[in-house]
Amino acid sequence: MANNTLVVYSSLTGNTKMVAGRIYEIIEGEKRIISLNDIKEINVDDFDRFVIGFWVDKGTADKRTREFIKKLSQKEIAFFGTLGADPESDHGRKVVERVSELCSKNNTLIGKFLCRGKIDPKLVERMGKFPLKLVHPLTPERLKRIEDAKPHPNEEDFKNAENYFKDILNNK
Ligand SMILES: Cc1cc2nc3c(=O)[nH]c(=O)nc-3n(C[C@H](O)[C@H](O)[C@H](O)COP(=O)(O)O)c2cc1C
């Protein structure tokens with residue numbers, strides 16, 4: 001049984017950091033939480049179980065998180081991601097597939113969770129201008145997705161995350 005858990009998160013605008021903090025609170029046993037920016041401060045070999053939080057970039061975990069996961073081996077990993085799209089959408093499902101495959105390569109995947117997260121208004125502004133306008137035009141569908149994401153993560157999302165991780169981490 002794993003008894004020393006590291007929560008490590010990568011967050012640009014704070015959504016993933018907030019969810020990470022709430023998950024950390026419910027973990028029993030020895031634990032630590034750290035931003036991926038500060039990962040050099042610790043020795044990952046001191047931990048056998050990892051809860052890895054990332055923000056979704058181009059349909060998968062952000063690059064720094066992917067690189068971090070690739071360096072791990074023989075660990076237990078549960079991941080959570082925050083994304084602008086609906087977690088239940090095809091896009092969300094593909095994110096889960098891609099990150100699951102990466103985590104399962106050299107480690108044991110023990111949990112996967114997605115949560116919606118508001119999109120930075122600065123990014124939305126850039127999407128309305130050249131050159132992003134060409135790649136991510138602000139179509140009515142995209143504007144609706146952005147609007148729907150605005151209140152997230154909310155208290156219900158936090159509770160869902162807490163319940164999910166309580167189940168997989170504390171009942172072992
Ligand atoms: C450069 C960039 C790319 C993104 N790509 C996606 C994407 O492919 N799919 C998606 O659903 N959300 C995407 N998002 C939205 C973020 O994943 C979402 O807002 C997330 O909650 C941000 O987390 P953070 O506040 O921890 O940085 C993108 C955001 C940025 C800034």
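The values are calculated or read from the model by the stated rules, or taken from the named source; none is laboratory data. Note that the structure is predicted; figures quoted are calculated from it, not measured. Note: ideal-geometry Cβ built from the backbone for every residue, glycine included; neighbour counts use all protein chains shown. Surface accessibility is based on the protein's heavy atoms, side chains included, excluding ligands, DNA and RNA. Shrake-Rupley method; radii C 1.70, N 1.55, O 1.52, S 1.80 Å.
Out of all the residues in segment 128-156, which are assigned to a helix (DSSP H, G or I) and either within 14 Å of residue 85 (Cβ to Cβ) or in contact with an Asp or Glu (Cβ under 8 Å, 6 or more places away or on another chain) (or both)? Reasoning before the result, please.
Looking only at segment 128-156, we keep the residues that are assigned to a helix (DSSP H, G or I), and these are 132-135, 140-149, 155-156.
Those that are assigned to a helix (DSSP H, G or I) and either within 14 Å of residue 85 (Cβ to Cβ) or in contact with an Asp or Glu (Cβ under 8 Å, 6 or more places away or on another chain) (or both): 141, 142, 143, 144, 145, 146, 147, 148, 149.
How many residues does segment 1-43 hold that are within 12 Å of the ligand (Cβ to nearest atom), surrounded by fewer than 18 Cβ atoms within 10 Å (Cβ to Cβ) and part of a strand (DSSP E or B)?
Total satisfying the criteria: 1.
Among all residue pairs at least 6 apart or on different chains, which show Cβ distances below 6 Å where the first residue, located in segment 143-165, is open to solvent by 70 Å² or more (accessible area, probe 1.4 Å) and the second is assigned to a loop (DSSP other than H, G, I, E, B)?
Correct list of pairs: 150/118.
Mind checking whether some residue in segment 114-136 is within 30 Å of residue 74 (Cβ to Cβ) and touching a helix residue (DSSP H, G or I) at 6+ places or on another chain (Cβ under 8 Å)? Please lay out each step first, then the result.
Filtering segment 114-136 for residues within 30 Å of residue 74 (Cβ to Cβ) gives 114-115.
The next check asks that each one be touching a helix residue (DSSP H, G or I) at 6+ places or on another chain (Cβ under 8 Å); those that pass are 114-115.
Yes; the residues of segment 114-136 include at least one that is within 30 Å of residue 74 (Cβ to Cβ) and touching a helix residue (DSSP H, G or I) at 6+ places or on another chain (Cβ under 8 Å).
Suppose we keep only residues that are over 15 Å from residue 66 (Cβ atoms) and within 11 Å of the ligand (Cβ to nearest atom) within segment 91-110. Which one would you say is least open to solvent (accessible area, probe 1.4 Å)? So that I can check it myself, show each step before the final result.
Taking segment 91-110 and keeping what is over 15 Å from residue 66 (Cβ atoms), we get 91-93, 108, 110.
After this cut, where a residue has to be within 11 Å of the ligand (Cβ to nearest atom) as well, the list is 91-92.
Numbers: 91: 85, 92: 0 Å².
Looking at residues that are over 15 Å from residue 66 (Cβ atoms) and within 11 Å of the ligand (Cβ to nearest atom), I get 92.
Which condition number does residue 116 fail, the rest of (1) more than 16 Å from the ligand (Cβ to nearest atom); (2) surrounded by 18 or more Cβ atoms within 10 Å (Cβ to Cβ) being met?
(1)
Going through 88, 67 one at a time, which residue ends up being surrounded by fewer than 19 Cβ atoms within 10 Å (Cβ to Cβ) and assigned to a helix (DSSP H, G or I)? Break it down into steps so the answer makes sense when it comes.
Numbers: 88 fails: assigned to a helix (DSSP H, G or I).
Going through 88, 67 in turn, the sole match is 67.
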